[in-house]
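Right, one structure below, let's go through it.
The values are calculated or read from the model by the stated rules, or taken from the named source; none is laboratory data. All values derive from a computational prediction rather than experimental measurement. When we count neighbours, we look across all protein chains shown, and the Cβ atoms used for this are built from the backbone with ideal geometry, even at glycine. Keep in mind that these areas ignore ligands, DNA and RNA; they rest on the heavy atoms of the full protein, side chains included. Shrake-Rupley method; radii C 1.70, N 1.55, O 1.52, S 1.80 Å.
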Amino acid sequence: MANLVVEGGYPVSGTVRPSGNKNAVLPMLCATLLSEDEVTLQNVPDISDIDKLLAYFESKGSRFSRDRDAQTLTIQHDFQAFATNEAELPFGIRAAVLLLAPAMVRSGNLHFDTEAKGCALGVREIDPHLDILQRFGCRMTARHPCHMEAVGPVTAAKIWADYASVTATETFIMMASVAKGVSVLNNAASEPHVQALCEMLVAMGAKIDGIGTSRLTVTGVERLCGTTARVPDDHHEVATFLAIGGVTGGRLRVESGIGEHMELILRQFSKLGLEFEVEEEAITVTGWTRKITEPFTTELLPKIEAAPWPYFPADLLPQAIGVAVGCEGDIMFWNKVYEGALGWTGELLKFGARVHLSDPHRLVVFGNNQLRPAVVEAPYIIRVVVALLVAAVQVKGVTRIQNADPLRRAYPHFVEKLTALGAKVHWE
């Protein structure tokens, strides 16, 4: 694991373009398996999970061409070759769960070991996905390792999900798009990356109503055609750049057309004293007052709550916490999605920040901290590495973030982009 060395106290200013959304490109790439025509993806980020998916597809007879400089990827699948191969899902890739639906559609059977070391399926809850496959007419014939097979043609299903899972919603969308009949999902996830998958499938001929809402109605079609689809910019990366620019005293302009998805995100960061100018195709952070916005109800502690979209995203809560350690007031952060996802915040104490973890979901950050550089250790969580970076760049002196490799999984060439903007950051 590599360490990230940060010399804080330098303004990060200029203009930058964000990468394509990792959480969008992976389901979009998996969904190309639903068509035997060429599909071209644009604004493709340079991340390792894509390489692993492409290696898997190539082993099944698929052909692709990729231009990393132009950020384009064109892929075409051979249905006959795929159907004659055993559909065993790849190990060592967290996106493997997104292959469940398209691989089942193409091959009619699935094999995967939920207990195999290094298999992403073994550490993620896959029950909602398996339930969806079964509701569409598939059956499980073995559990460990798991074997599932289709029983006749895929038929429509009406499902009310236990909770709004992003990847389970994407599994439903992919199955329903080619199922016979009309399928309905209540309590669907509606994040921007889910919307991007829906819009790509519609361009391929799918019939999906309710995009961006919690109720999706999908009328299955016999065939999906090829298309060219653009991966949306990563709203997490947009917000991260803005946070870093703001806390370093810089003026940083992020060029992106995803302003429609940023309104609530910017409002929550504004509670931390960050100031913005919003244009149609760009957002600029112009300053940082460090002052927490106090609620009108004076008995209440200011707070930022994270929950499934359209709430403030849980994946941006760590970055907001990284900003808050430099603020003058107190504020509570409430993660309503993941239990125990705030356990890393003890590392902030090493910076001299005063924080109190109230329970597995709620954290209070106290203001007016005298911050100092530190040696901190990141858990294997992408957004936590970024949070520690946001804290480090505002502190004069050298901070070392140990085990920072997860940053590369979702923020391609991020360190190079930051150094071009004036940051003093390098890998060790």
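Hey, what angle do you get for helix 235-247 against the long axis of the chain, alpha-carbon based, 0 to 90 degrees rounded to 10?
Helix 235-247 sits roughly 10 degrees off the main axis of the chain.
Which cross-chain or sequence-distant (5 or more) residues have an amide H under 5 Å from the amide H of Ala282, H modelled 1.01 Å from N in plane?
Result for Ala282 returns Ser256.
How big is the Kirkwood radius of segment 22-230, worked out from every pair of different alpha carbons and given in Å to one decimal? Don't jump to the answer; show the numbers that get you there.
On the way: mean 1/r = 0.0594 Å⁻¹.
Hydrodynamic radius (Kirkwood, Cα pairs) of segment 22-230 is 16.8 Å.
In sequence order, what are the phi-derived ³J(HN,Hα) couplings for segment 276-288 according to the Karplus relation 6.51 cos²θ - 1.76 cosθ + 1.60 with θ = phi - 60°, rounded to whole Hz, with x for glycine and proline?
9, 10, 10, 10, 5, 10, 6, 10, 10, 8, 10, x, 8
For Thr248, enumerate residues with amide H under 5 Å from its amide H, sequence gap 5+ or separate chain, H modeled in the peptide plane.
Val12
What net charge do the residues around Leu197 carry, taking every other residue with its C-beta under 11 Å from that of Leu197, with Lys and Arg at +1 and Asp and Glu at -1? Present the calculation step by step, with values, prior to reporting the outcome.
Details: positive: none; negative: Glu170, Glu191, Glu199.
Around Leu197, the surrounding residues sum to -3.
For segment 202-296, report the translational diffusion coefficient in µm²/s to the nearest whole number, using Stokes-Einstein at 10 °C, 1.306 mPa s, and a Kirkwood Rh over Cα pairs.
100 µm²/s
Is segment 152-310 best put as rounded, prolate or oblate by its Cα gyration tensor, with a ≥ b ≥ c the root eigenvalues, rounded for a/c under 1.5, and otherwise prolate when a/b is larger than b/c, oblate when not?
oblate
Enter the accessible area per residue of segment 331-426 (Å², integer; probe 1.4 Å; all protein chains in place). Write down the numbers at each step before the final one.
Details: 4030 Å² over 96 residues.
With the other protein chains kept in place, segment 331-426 gives 42 Å² per residue.
Under 5 Å between amide H atoms, partner at least 5 residues away or on a different chain: which partners does Asp78 have, H built in plane at 1.01 Å?
Under 5 Å from the amide H of Asp78 lie the amide H atoms of Ser62, Arg63, each far enough along the sequence or on another chain.
Using Cα positions and a limit of under 21 Å, work out the lysines in reach of Lys22, with same-chain residues fewer than 8 apart set aside.
Lys52, Lys417
Net charge around Leu33, counting only other residues with Cβ within less than 14 Å of its Cβ (Lys, Arg = +1; Asp, Glu = -1)?
Residues near Leu33 contribute -2 overall.
Per residue of segment 4-21, in order, report the coupling 6.51 cos²θ - 1.76 cosθ + 1.60 (Karplus, θ = phi - 60°) as ³J(HN,Hα) in whole Hz, putting x for Gly and Pro.
For segment 4-21, the Karplus curve yields 10, 9, 10, 9, x, x, 10, x, 9, 9, x, 10, 9, 10, x, 7, x, 6 Hz.
On a 0 to 90 degree scale, rounded to 10, what angle separates helix 382-393 from the longest Cα axis of the chain?
20 degrees
Calculate one ³J(HN,Hα) per residue across segment 196-202 by plugging θ = phi - 60° into the Karplus curve 6.51 cos²θ - 1.76 cosθ + 1.60, and present them in order as whole Hz with x for glycine and proline.
Karplus values, whole Hz, x for Gly and Pro: 5, 4, 4, 5, 5, 5, 4.
Answer rounded, prolate or oblate for segment 118-193, using the Cα gyration tensor with square roots of eigenvalues a ≥ b ≥ c: rounded when a/c is under 1.5, else prolate when a/b is larger than b/c, else oblate.
Since a/c reaches 1.5 but b/c is at least a/b, the shape of segment 118-193 is classed as oblate.
Among the aspartates and glutamates, select those whose C-alpha is under 15 Å from the C-alpha of Lys424, and discard any that sit fewer than 8 residues away in the same chain.
Leaving aside aspartates and glutamates fewer than 8 places away in the same chain, those within reach of Lys424 are Glu7, Glu416.
For the chain, what is the relative contact order in percent, using Cα pairs closer than 8 Å and at least 6 residues apart in sequence?
Working: 996 pairs, mean separation 85.4, N = 428.
With pairs under 8 Å counted, the relative contact order is 20 percent.
Using the C-alpha gyration tensor of the chain, what are the square roots of 5 times its eigenvalues, in whole angstrom, with the largest one first?
Details: eigenvalues 309, 98, 85 Å².
Three semi-axes, in Å: 39, 22, 21.
Rounded to the nearest 10 Å², what accessible area does Asp67 have for a 1.4 Å probe in the complete protein model?
Here the residue's solvent-accessible area equals roughly 70 Å².
Less than 14 Å Cβ to Cβ from Val398, Lys/Arg counted +1 and Asp/Glu -1: what total charge do the surrounding residues give? It would help to have the intermediate numbers written out before the result.
Values: positive: Lys350, Arg372, Lys396, Arg400, Lys424; negative: Glu7, Glu428.
My count for the surroundings of Val398 gives +3.
Show Trp160, Trp427 ordered by accessible area, largest first, where the area counts protein heavy atoms only and the probe is 1.4 Å.
Trp160, Trp427
From largest accessible area down, sort His144, His356; use a 1.4 Å probe on the protein chains. Don't skip to the answer; put the middle values down first.
On the way: His144 115, His356 95 Å².
Descending order: His144, His356.
In vacuum, with every alpha carbon of segment 1-95 counted as one equal point scatterer, what does the Debye formula give for log10 I(q)/I(0) at q = 0.12, 0.13, 0.14, 0.22 Å⁻¹? Two decimals, please.
Computed log10 I(q)/I(0) values: -0.49, -0.55, -0.61, -1.17.
Carbon and sulfur together cover what percent of the accessible area of the chain at a 1.4 Å probe radius?
Accessible surface attributable to carbon and sulfur in the chain totals 48 percent.
Rounded to the nearest 0.05, what FRET efficiency is calculated for Ala83 and Val151 with R0 set to 22 Å and r the Cβ-Cβ distance?
On the way: r = 16 Å, r/R0 = 0.74.
Efficiency computed from Cβ-Cβ geometry: 0.85.
For Lys350, list the lysines whose Cα falls under 17 Å from its own Cα; do not include residues on the same chain fewer than 8 positions away.
Result set, ordered by chain and number: Lys396.
Once Rh for segment 201-252 is found with the Kirkwood sum over Cα pairs, what is the Stokes-Einstein diffusion coefficient at 10 °C and 1.306 mPa s, in µm²/s?
The diffusion coefficient I find is 110 µm²/s.
For Glu125, tell me the accessible area in Å² from a 1.4 Å probe, rounded to the nearest 10.
That residue has around 110 Å² of solvent-accessible surface.
Tell me, what is the 1.4 Å probe accessible area of His193, in Å² to the nearest 10?
Near enough 10 Å² of accessible area.
What is the percent of Cα-Cα separations in segment 162-236 that go past 18 Å?
That tail contains 34 percent of the Cα-Cα pairs.
So what's the back-of-envelope 222 nm ellipticity for the chain, counting only DSSP H runs of four-plus at -39500 (n - 2.57) apiece and dividing by all residues, rounded to 500? Walk me through the numbers before you get to the answer.
Details: 13 runs with 120 residues, N = 428.
Mean residue ellipticity at 222 nm (helix-derived): -8000 deg cm²/dmol.
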